[in-house]
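Beneath this line is the structure, given in structure tokens, with notes to follow.
The values are calculated or read from the model by the stated rules, or taken from the named source; none is laboratory data. These numbers were taken from a predicted model, which means no experiment stands behind them. Cβ placement follows ideal geometry from the backbone for every residue including glycine, while neighbour counts extend to all protein chains displayed. Areas reflect the complete protein model, heavy atoms only, side chains present, ligands, DNA and RNA absent. Shrake-Rupley method; radii C 1.70, N 1.55, O 1.52, S 1.80 Å.
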Amino acid sequence: MTPKQVMEFVKEKNIQMVDYKFLDFIGVWQHVTVPVCELSEDTFEDGLGFDGSSIRGWQPIHNSDMAIVPDPATAKLDPFIKVPTLSLICNIFDPITKEGYTRDPRFIAQKAEAYLKSTGIGDTVFFGPEPEFFIFDDVRFDSSCNQSFYSVDSSEGIWNSGREEFPNLGYKPRHKEGYFPCAPTDSLVDLRNEMVQVCQSVGMHIEAAHHEVATGGQCEIDFKFDSLVNTGDTLQWFKYIIKNVAVRNGKTVTFMPKPLFGDNGSGMHCHVSIWKDGANTFAGDGYAGLSKTAMYFIGGIMKHAKALCAFTNPSTNSYKRLVPGYEAPVNLAYSSRNRSAALRIPQASSPKGKRVEYRTPDPSSNGYLCMSAILMAGLDGIENKIDPGQPLDKDIYGLPPEELATIPSVAGSLEEALACLKEDHAFLLKGDVFTEDVIDKWIRYKTESEVDPVRMRPVPLEFALYYDC
């Protein structure tokens, strides 16, 4: 929509409130709501002032004034707010210079798309992320100086097979056996269908919905690929809808990668391809039907994978998932159809479908930053003709230790990923997509707010291991 079309839409739908949404530095949607009388065509030029110092990782208090400027192309009806409410995704601007804010994740994604075009390699990059999530019935957690605990529960959890439920009807998926039995073992069909329908109501193209591998309510709903910025927008709508549909049904959803011990975690496999003049540059006559361009793209991902983890797997919890044995894509190898490799080449019926699937990322990531970083690493591979080596068409988990030791892996902790990012980020600075300020702030924030607090706290298992020492 144009600003004029948005104003016409407001009248047509009898809109009463306007909700401005934007993504903070870490990856959580923020919003501010105003009466519709405060919206005009000028708003799409002038924006709305707000306090940038109150947003995680943004402005200091002595320089806090910022502006949110809504993008009229993102106008939708919010499906959850009672009164008719227009939802607009916003960009962040400096109110004095009128320039985009370098720490705005959406602005970084816009610059990544612009950089791709400037290289001449392609004019569009398509991303298709697959965010997995858990649906729980109850979650409790606390951490203080003298105690710490968490507890999640699900009526589907195999740990409840002996619970008195008056009556307990069984049908609880066993560990690693949730993919994908029919009802009644899969008890979440109706809830997922409701999620799908609400996603469709805001224009999302849903391709499939199913139970995932883990017990305890792990699910996946797939939406159609799109360009980088559009996919970033869709991913935020997706998380917003999934969480709110769950809450209104008395459930709770988490996208944290590893909420359960001893079962599969939640990933966000990212399918990617670069197009130019309507043609898929990843299609060719090489391995698995890929072009040289696609192979070099893979080489760039493999070269920068440890640094990429700082954005694709940005939580300390991410590395509870990235361990061998749970379909975790820790091994830096590429292969056709092989899900034990970090980079997979899915089967495609035509050249249009040729793509690379990077399986390492997880849904705790900030989608705009995650996909922008993947693109920049791949472009670095293409620009420098980085050879990814030979494919590995074996079950990597079944390799003998001596052969497995020759395969490089992704970062083993957030601390390692941030250290690698500090040393290896020149590829992200091209085209001013990421800036030194963004890299420095990301490393400092993640270290001070996440790595250090987790590192310094005792955990319950340590009492079981060491209390009697």
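Within region 331-342, identify whether any single residue is in a helix (DSSP H, G or I) and among the small types (Gly, Ala, Ser), and answer yes or no. Before the answer, list the steps.
Keep residues of region 331-342 that are in a helix (DSSP H, G or I), which gives none.
No: region 331-342 contains no residue that is in a helix (DSSP H, G or I) and among the small types (Gly, Ala, Ser).
I'm trying to understand the selection: among the residues of region 27-43, which are among the hydrophobic types (A, V, I, L, M, F, W, C) and more than 25 Å from ASN63 (Cβ to Cβ)?
Taking region 27-43 as the starting set, the residues that turn out to be among the hydrophobic types (A, V, I, L, M, F, W, C) are 28-29, 32, 34, 36-37, 39.
Listed by number, the residues that qualify are VAL36, CYS37, LEU39.
Residue by residue through region 313-330, note down the ones that are among the aromatic types (Phe, Trp, Tyr) and either outside any loop (DSSP other than H, G, I, E, B) or open to solvent by less than 10 Å² (accessible area, probe 1.4 Å) (or both). Talk me through it step by step, then tell me what you get.
To start, the set of residues in region 313-330 that are among the aromatic types (Phe, Trp, Tyr) comprises 319, 326.
Of everything in region 313-330, just one residue is among the aromatic types (Phe, Trp, Tyr) and either outside any loop (DSSP other than H, G, I, E, B) or open to solvent by less than 10 Å² (accessible area, probe 1.4 Å) (or both), namely TYR319.
Out of the residues in region 343-368 meeting the condition of being in a loop (DSSP other than H, G, I, E, B) and of a type in the set (D, E, K, R), tell me which one is most open to solvent (accessible area, probe 1.4 Å). Please lay out each step first, then the result.
Within region 343-368, the first condition is being in a loop (DSSP other than H, G, I, E, B), and the residues that meet it are 346-350, 354-355, 359-366.
Then keep just the ones that are of a type in the set (D, E, K, R); that gives 354-355, 359, 362.
Numbers: LYS354: 32, ARG355: 67, ARG359: 5, ASP362: 0 Å².
The selected residue is ARG355.
Could you pull out the residue among ALA305, ALA310 that is farther than 17 Å from ARG344 by Cα, open to solvent by less than 10 Å² (accessible area, probe 1.4 Å) and in contact (Cβ under 8 Å) with a residue 40 or more places away in the chain?
Values: ALA305 fails: farther than 17 Å from ARG344 by Cα.
It is ALA310.
Please state which of the following conditions LYS441 fails to meet, knowing it meets all the rest: (1) within 25 Å of ASP142 (Cβ to Cβ); (2) surrounded by fewer than 18 Cβ atoms within 10 Å (Cβ to Cβ); (3) touching a residue at least 60 places away in the same chain (Cβ under 8 Å).
LYS441 satisfies all of (1) within 25 Å of ASP142 (Cβ to Cβ); (2) surrounded by fewer than 18 Cβ atoms within 10 Å (Cβ to Cβ); (3) touching a residue at least 60 places away in the same chain (Cβ under 8 Å) except (1).
For region 40-65, which positions are of a type in the set (Gly, Ala, Ser) and part of a strand (DSSP E or B)? Let's see the steps before the verdict.
Step one: of region 40-65, the residues of a type in the set (Gly, Ala, Ser) are 40, 47, 49, 52-54, 57, 64.
If the condition is that a residue be of a type in the set (Gly, Ala, Ser) and part of a strand (DSSP E or B), then GLY49 is the only one that fits.
Within the group ASP437, ASP395, which residue is touching a Ser or Thr at 6+ places or on another chain (Cβ under 9 Å) and at pLDDT below 95? I'd like the intermediate steps shown before the answer.
Values: ASP437 fails: at pLDDT below 95.
That would be ASP395, the only listed residue that is touching a Ser or Thr at 6+ places or on another chain (Cβ under 9 Å) and at pLDDT below 95.
So, of the residues in region 175-221 that are open to solvent by 20 Å² or more (accessible area, probe 1.4 Å), modelled with pLDDT of 95 or more and among the charged types (D, E, K, R), which turns out to be farthest from LEU369 (Cα to Cα)?
If we take residues in region 175-221 being open to solvent by 20 Å² or more (accessible area, probe 1.4 Å), modelled with pLDDT of 95 or more and among the charged types (D, E, K, R), then ASP190 is farthest from LEU369 (Cα to Cα).
Quick one: PRO35 ticks every box in (1) at pLDDT below 90; (2) open to solvent by 40 Å² or more (accessible area, probe 1.4 Å) bar one, so which box is it?
Of the numbered conditions (1) at pLDDT below 90; (2) open to solvent by 40 Å² or more (accessible area, probe 1.4 Å), the odd one out for PRO35 is (1).
When residues of region 49-71 are filtered for being touching a strand residue (DSSP E or B) at 6+ places or on another chain (Cβ under 8 Å), in contact (Cβ under 8 Å) with a residue 40 or more places away in the chain and surrounded by fewer than 18 Cβ atoms within 10 Å (Cβ to Cβ), how many remain?
The total comes to 1.
Here are some residues: ASP393, ASP424, ASP432. Which one is open to solvent by 70 Å² or more (accessible area, probe 1.4 Å), touching a helix residue (DSSP H, G or I) at 6+ places or on another chain (Cβ under 8 Å) and not aliphatic (A, V, I, L, M)?
On the way: ASP393 fails: touching a helix residue (DSSP H, G or I) at 6+ places or on another chain (Cβ under 8 Å); ASP424 fails: open to solvent by 70 Å² or more (accessible area, probe 1.4 Å).
Checking each option against the conditions leaves just ASP432.
Can you tell me which of (1) within 21 Å of the chain's Cα centre (by Cα); (2) modelled with pLDDT of 95 or more; (3) surrounded by fewer than 23 Cβ atoms within 10 Å (Cβ to Cβ) is the one SER273 doesn't meet?
Against the list (1) within 21 Å of the chain's Cα centre (by Cα); (2) modelled with pLDDT of 95 or more; (3) surrounded by fewer than 23 Cβ atoms within 10 Å (Cβ to Cβ), SER273 comes up short only on (3).
So GLU165 ticks every box in (1) modelled with pLDDT of 95 or more; (2) over 25 Å from the mean Cα position of the chain (by Cα) but one. Which box is left unticked?
(1)
Would you point out which residue out of ILE68, ILE92 is in a strand (DSSP E or B) and touching a Cys at 6+ places or on another chain (Cβ under 8 Å)? Reasoning before the result, please.
On the way: ILE92 fails: touching a Cys at 6+ places or on another chain (Cβ under 8 Å).
On inspection, the qualifying residue turns out to be ILE68.
Report whether or not GLY47 is among the small types (Gly, Ala, Ser) and more than 22 Å from MET1 (Cα to Cα).
Numbers: among the small types (Gly, Ala, Ser): yes; more than 22 Å from MET1 (Cα to Cα): no.
So GLY47 does not fit the description; no.
Show the residue pairs that are 6+ apart or on different chains and have beta-carbon atoms under 6 Å apart, the first residue being within region 160-172 and assigned to a loop (DSSP other than H, G, I, E, B), the second being of a type in the set (Asp, Glu).
Every condition considered, the pairs that remain are LYS172/GLU156.
Does GLU177 satisfy the condition of being in a loop (DSSP other than H, G, I, E, B) and either within 27 Å of the chain's Cα centre (by Cα) or of a type in the set (Ser, Thr, Tyr) (or both)? Steps first, please.
Details: in a loop (DSSP other than H, G, I, E, B): yes; either within 27 Å of the chain's Cα centre (by Cα) or of a type in the set (Ser, Thr, Tyr) (or both): yes.
Against the criterion (in a loop (DSSP other than H, G, I, E, B) and either within 27 Å of the chain's Cα centre (by Cα) or of a type in the set (Ser, Thr, Tyr) (or both)), GLU177 qualifies.
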